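**Student:** Dropping a structure here in structure tokens format, bear with me for questions.
Just so it is clear, none of the values below were taken in a lab; they were calculated from the coordinates. As the structure is a prediction and not an experimental result, all values here were calculated from the model. Reconstructed Cβ throughout: ideal geometry from the backbone, glycine too, with neighbour counts over all protein chains shown.
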Amino acid sequence: MSNQSFSERLTAWMRGRYGADELGNVAVGISIVLLVINAFAHTRVLSVIALAMAIYSCWRMSSKGIAKRRAENRAFLKLIGPAARLLRNPKGAIDEHRTYRHLTCPSCGQQMRVPRGKGKMRVTCPKCHQKFDARS
């Protein structure tokens, strides 16, 4: 028998595999929420869906098709749009929302942020240098 610990063996097995990402984390989160709901509802359908989501997440993490998993995650992040920031760092996203207002340049579409509570201000786009008025 090997002297390696379980974590060392798991690390060696995971080399060359995809690992966790936002889509996998959401699948695990949905699985946990469904299991909690099922604790009260006692339906077989919720159990099966929760198990399927957990298996899907484990399959994604252990997959060696890294390019395909990245493309799936990129498509998922594009689908959920601005909520992606909330998934990555919920506390930071909430603090950011309280402190800053996010604007889009009308000329080039560049995203930028301005401090909240400063009233009406003239904003200059850092990308195209277009000036426009906005409320903060």
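**Student:** Show which lysines lie in cross-link reach of Lys78 when reach means a straight Cα distance below 29 angstrom and same-chain residues fewer than eight apart are skipped.
**Tutor:** Lys64, Lys68, Lys91, Lys127, Lys131
**Student:** Still on this structure, please answer the following. Using the Karplus curve 6.51 cos²θ - 1.76 cosθ + 1.60 with θ = phi - 60°, what ³J(HN,Hα) values do you get for each residue of region 109-114, in whole Hz, with x for Gly and Pro?
**Tutor:** x, 4, 7, 8, 10, 10
**Student:** What residues of region 17-53 lie in the reach of a label at Ala84, counting those whose backbone N is under 12 Å from a point 7 Å from the Cα along Cα→Cβ?
**Tutor:** 22-23
**Student:** Evaluate Rg over Rh across the chain, taking Cα atoms for both radii and Kirkwood's formula for Rh.
**Tutor:** Expressed as Rg/Rh, it is 1.15.
**Student:** Once both labels are modelled 7 Å past Cα along the beta-carbon direction, what's the Glu8-Asp133 spacing in nm?
**Tutor:** 6.9
**Student:** State the three equivalent ellipsoid semi-axes of region 74-119, derived from the C-alpha gyration tensor as the square roots of 5 times its eigenvalues, in descending order and whole Å. Walk me through the numbers before you get to the answer.
**Tutor:** On the way: eigenvalues 86, 59, 6 Å².
Working through the eigenvalues yields semi-axes of 21, 17, 5 Å.
**Student:** Ranked highest first by average number of other Cβ atoms within 10 Å, how do 15-25, 76-86 line up?
**Tutor:** Details: 15-25: 14.9, 76-86: 12.7.
In descending order of packing, they fall as 15-25, 76-86.
**Student:** Separate question: Show me the ranking of peptides 5-12, 118-125 by mean Cβ neighbours inside 10 Å, starting with the highest. List each step's numbers first, then the result.
**Tutor:** Numbers: 5-12: 9.5, 118-125: 11.1.
Result, highest mean first: 118-125, 5-12.
**Student:** Within the chain, which cysteines find no other Cys whose Cβ is under 4.7 angstrom from their own?
**Tutor:** Cys58
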